[in-house]
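The structure appears right after this line, and notes come after that.
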Amino acid sequence: NAGVTQTPKFQVLKTGQSMTLQCAQDMNHNSMYWYRQDPGMGLRLIYYSASEGTTDKGEVPNGYNVSRLNKREFSLRLESAAPSQTSVYFCASTTNRESAVNEQFFGPGTRLTVL
Amino acid sequence: GDSVTQMEGPVTLSEEAFLTINCTYTATGYPSLFWYVQYPGEGLQLLLKATKADDKGSNKGFEATYRKETTSFHLEKGSVQVSDSAVYFCALRPYNNDMRFGAGTRLTVKP
């Protein structure tokens, strides 16, 4: 099992450019998440997908869109990148959002710099 | 709302020293509690968890006990190694809701 995979690992964008971050999991998990990690702020939830076909906003959704393409894949899109979106982005998955006992599994992250 | 507060870092220890990283939480109901570890350049990995009061999670010499009376889940290790250098995140997960993460505590262990 590869677990949770993310592409790309690194990306540099200019202000106003768009890009899509890809995430896939092979653990047959129902729920998937996108977080951003900024120094001193822990992880903040951008969007989540409780199950295939559903997506919902998290704590910091502005400037982002998501697509749950199928059960395995959950992508994050920046339509017009801004320097404030410079961050490390993590995708995560878990069996079911409703079950509090299950941990989340994380991908290796995408380090994004917006100039 | 539900939240986690953990000890600010950075923490610097000598090898074989005792480690404590404090974590307290605010939550309604009975959340599960987690410690994650992040090594440089990597994603978060689950270190240990506890799903109900008085449970003790343990892994790789690390321990944490779910204390409902003090709303705490402090991480401890009796003898740290250089390889334990990482960032440690405390997190809680309420029922039918999403993970809440602390800000992280950077640990550096010197030989």
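Determine whether B:A64 is under 11 Å from the mean Cα position of the chain (by Cα), of a type outside the set (F, W, Y) and open to solvent by less than 50 Å² (accessible area, probe 1.4 Å).
Yes.
Could you list, in sequence order, all residues of region B:28-65 that are among the aliphatic types (A, V, I, L, M) and in contact (Cβ under 8 Å) with a residue 40 or more places away in the chain?
The answer is B:L33, B:V37, B:L44, B:L47, B:A64.
Output the number of the condition that A:R97 fails; it satisfies all remaining conditions of (1) buried (at least 22 other Cβ atoms within 10 Å of the Cβ); (2) more than 8 Å from every other protein chain (Cβ to nearest Cβ); (3) of a type in the set (K, R).
Every condition holds for A:R97 apart from (2).
Looking at the structure I just gave you, is B:A64 away from every other protein chain (no Cβ under 11 Å), modelled with pLDDT under 95 and more than 26 Å from A:W34 (Cβ to Cβ)?
No, not satisfied.
Could you tell me which residue of region B:67-102 is modelled with the lowest pLDDT, considering only residues that are within 14 Å of chain A (Cβ to nearest Cβ) and open to solvent by 50 Å² or more (accessible area, probe 1.4 Å)?
B:N96
Tell me which residues, restricted to region B:61-92, are in contact with an Asp or Glu (Cβ under 8 Å, 6 or more places away or on another chain), in a strand (DSSP E or B) and small (G, A, S).
B:A64 - this is the single residue of region B:61-92 that is in contact with an Asp or Glu (Cβ under 8 Å, 6 or more places away or on another chain), in a strand (DSSP E or B) and small (G, A, S).
The values are calculated or read from the model by the stated rules, or taken from the named source; none is laboratory data. All of these numbers come straight from a predicted model, not from anything done at the bench. No Cβ is skipped: glycine too gets one built from the backbone with ideal geometry, and neighbour counts run over all protein chains shown. Ligands, DNA and RNA are excluded from the accessible area calculation, which covers all protein heavy atoms including side chains. Shrake-Rupley method; radii C 1.70, N 1.55, O 1.52, S 1.80 Å.
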